[in-house]
């Protein structure tokens, strides 16, 4: 595995912005598709299990970690997750401004914290996993606020499910996806692509 | 469609007249354009409501936040249902009939149903326990709590969904930069990404066709979709990189001050809209407090 060489450059170039935006757009479409696919299973999970529907959250969490690990700039996770949520909102879904945009911003903040605590110098599988998990925590926080009537058991299960889902889809899958993208050579203008080439 | 109009490039003719050469005009001397009135550009209303269509896109986002944030603090039947009722009436006045609202927001009702079931079966215990099996605990307070949660979900989501309908990202971007003074680099960079969305749809089709023409992807449909999605992601990053270079070549992202092509500003109608958006949740909360039904959302049952 490649360990990013830590020479942090915090300034955003235009290419960083546009690539983060396009990742957000692609993710936003998947968010929206997942909204539709998920409507029925989500309702089923909510009825049959005590909060296991958190496991379905991962597909709404990955935009932030993916953009951050590719672009490697402060705020990339928040920017991408917010933009993806905005696209999801304009395409039309069941949650409106609250459940798309607000939750997107909270998830983005969660994903952002993972990289921020390492001063944006660590871009490895560990921080990606942490980022995915914290995005899951963000999602949980919003849904708890939406359903404050849940009992402790359900709140706990939802949190656990959301974190697991974030770890797997917004963590492991995102990390290997970013490596696979780097291997195609398309990231040659980014440090994330060059670190791979040097090995 | 009427006949295309040919526009002769004037400078070339005078050039050849001066030089005295008998040049036959090459293809590039003619720009073929269709007359303006024959272009079919589908008219997209900015909103199903005449009122919402007239306000600034930024106000629509802010208004939706004003509408839903106060509602998070209460969890009771009175505030949730009165807010929802007021929203329906106001939307009707604003030109969106209740049945249209229901049709446009059908997924909201599925989400509300999900919330209802989850709270009904797994609510905080209040009063006597009526039935329990495994993890499921239904107590006396479960039903009202579940109903309140479901209506609250709808009351929060319905206006947000309706306000977002037909929202134009370009107008919103102008508003974000000119009214809220967001960084134009990020807003227009993000907008550039959003505008590539339609391109991605074409790319998806082209990728599918090219896989087909190579005889690939006849097997597992999920594997094909995944591999095609990866191809699309790589292609879109490549496009984005190229777009960024093109934008920089035109001076985007420099420190020089920007001028705006379109003016985005707030008018009296926006302030009226803010007032309405604030008054709905507060009227609902006030009604709940006045009737003694108000319940703080994050307190024990």
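Please go through the range B:164-178 and give me each residue that is at the interface with another protein chain (Cβ under 7 Å from one of its Cβ atoms) and assigned to a helix (DSSP H, G or I), ordered by number.
Matches in the range B:164-178: B:164, B:169.
Out of all the residues in the range A:109-152, which are touching a helix residue (DSSP H, G or I) at 6+ places or on another chain (Cβ under 7 Å) and within 14 Å of chain B (Cβ to nearest Cβ)?
A:140, A:141, A:142, A:143, A:144, A:145, A:146, A:147, A:149, A:150, A:151
Answer yes or no: is there a residue in the range B:83-104 that is part of a helix (DSSP H, G or I), touching a helix residue (DSSP H, G or I) at 6+ places or on another chain (Cβ under 9 Å) and facing chain A (nearest Cβ under 7 Å).
No; the residues of the range B:83-104 include none that is part of a helix (DSSP H, G or I), touching a helix residue (DSSP H, G or I) at 6+ places or on another chain (Cβ under 9 Å) and facing chain A (nearest Cβ under 7 Å).
Just checking, how many residues over the range B:55-77 are farther than 17 Å from residue B:295 by Cβ and part of a helix (DSSP H, G or I)?
Selection size over the range B:55-77: 12.
Condition test on residue A:171, is it buried (at least 24 other Cβ atoms within 10 Å of the Cβ) and at pLDDT below 90?
no
If only one of A:28, A:33 is more than 7 Å from chain B (Cβ to nearest Cβ), within 17 Å of residue A:89 (Cα to Cα) and surrounded by fewer than 24 Cβ atoms within 10 Å (Cβ to Cβ), which one is it? Walk me through how you get there before you give the answer.
Details: A:28 fails: surrounded by fewer than 24 Cβ atoms within 10 Å (Cβ to Cβ).
So the residue among A:28, A:33 that is more than 7 Å from chain B (Cβ to nearest Cβ), within 17 Å of residue A:89 (Cα to Cα) and surrounded by fewer than 24 Cβ atoms within 10 Å (Cβ to Cβ) is A:33.
Output the number of residues of the range B:226-254 satisfying the condition of being more than 7 Å from chain A (Cβ to nearest Cβ) and more than 24 Å from residue A:178 (Cβ to Cβ).
Here the count works out to 5.
Against the condition at the interface with chain A (Cβ under 7 Å from one of its Cβ atoms), in contact (Cβ under 8 Å) with a residue 12 or more places away in the chain and assigned to a helix (DSSP H, G or I), how does residue B:114 come out, does it pass?
no
The values are calculated or read from the model by the stated rules, or taken from the named source; none is laboratory data. What you see is a predicted model, and the numbers here were worked out from it, not measured in a lab. Because the Cβ atoms are built from the backbone with ideal geometry, glycine has one as well, and the counts that use them run over all protein chains shown.
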